[in-house]
1. If one computes the Cα centroid of the stretch 78-105 and of the stretch 53-67, what distance in Å separates the two points?
2. Apply the Kirkwood formula to the stretch 104-216: the hydrodynamic radius equals the inverse of the mean of 1/r over all pairs of different alpha-carbon atoms; give it in Å with one decimal.
3. Any idea which of Gln188, Tyr176, Gly54 is furthest toward the positive side of the dipole for the chain, if Lys and Arg beta-carbons carry +1 and Asp and Glu beta-carbons -1?
4. Considering only Cα-Cα distances, which of the following residue pairs are longer than 18 Å: Lys57/Lys130; Lys173/Lys205; Lys38/Lys122?
5. What distance in nm separates the two pseudo spin-label positions at Ser213 and Ser108, each 7 Å out from Cα along the beta-carbon direction?
6. From the P(r) of the stretch 113-156, could you give the percentage of C-alpha pairs in the tail past 13 Å?
7. Using DSSP to call loops (not H, G, I, E or B), can you name the GluC sites (Glu not before Pro) in the stretch 55-102 whose Cβ has at most 15 other Cβ atoms within 10 angstrom?
8. Can you give the FRET efficiency for Arg31 and Glu55, using 1/(1 + (r/R0)^6), R0 = 25 Å, r = Cβ-Cβ distance, to the nearest 0.05?
Amino acid sequence: MEVVSVNVSVPRNVDYEGNTLSTGIFKQPVRGPVYLSKTNLAGDRQADLKNHGGEDKAVYAFSSDHYPYWREVLGPPDLSPGTFGENLTIAGLDESALHIGDQLRIGSCLLEVSQPRVPCFKLGLAVGQKTMPRMFSAHAETGVYLRVLSEGYIAAGDSVTVVRQGASGLSVKALYRAVYDRTCRESQAIMARAVLIPELSRDWKDMLSVRLSRGH
């Protein structure tokens, strides 16, 4: 795997259904090494701190390998790195091969896979397609959130190496499908397994606990 682009943004106001909305989803590539702290990349900020950011979601990574599919599905839009709101556009990233708790060495940083990404309506704003969040979720290749174990610098061209695989062996895609794909027959078993994974983010543990208690 290799970092294709490092992308950041500050919140900006946009019109949404007649109201003013602040969002940081419009990421733009930056050149050179960028410092990554425990909570975010230098120059990057989130508008909605309830649902974005924090140590469990310090960095969002998405695969450049998915771009051809979405260019074909969405048609004319010229999709460039950062379009899906990702901080790191990574070639070779595969949600089926990455597991909750996997540790990745990128540049001088050590990161850990903490949860899948769940798209919200702002993704529709980013690509100009209201149905995009639903389509993105149905495709089940939504990228990964990473927590920062060791701070440092990341730049385009850096290799991405899995230095330790999470003990659970539960892939990001399998977990996402267990929660959001109604055809997944192993949903209950996977969620019960996932809620016990120490490296899974607190938000996902809480959400899974509620779903399991309701017999989802």
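Each value in this text was obtained by applying a stated rule to the coordinates, not by laboratory testing. Because the structure is a prediction, the values reported are computed rather than measured. Virtual Cβ from ideal backbone geometry, glycine too; neighbours counted across all protein chains shown.
1. Value for the Cα centre distance between the two parts: 6 Å.
2. Numbers: mean 1/r = 0.0642 Å⁻¹.
Value: 15.6 Å, from the Cα pair sum.
3. Gln188
4. Numbers: Lys57/Lys130 24 Å; Lys173/Lys205 16 Å; Lys38/Lys122 24 Å.
Check vs 18 Å cut-off fails for Lys57/Lys130; Lys38/Lys122.
5. 4.5
6. Numbers: 598 of 946 pairs.
Percentage above 13 Å: 63.
7. Numbers: sites: Glu55, Glu72, Glu86, Glu95; in loops: Glu86, Glu95.
Counting only loop positions with at most 15 other Cβ atoms within 10 Å, none of the GluC sites (Glu not before Pro) in the stretch 55-102 qualifies.
8. The calculated FRET efficiency here is 0.40.
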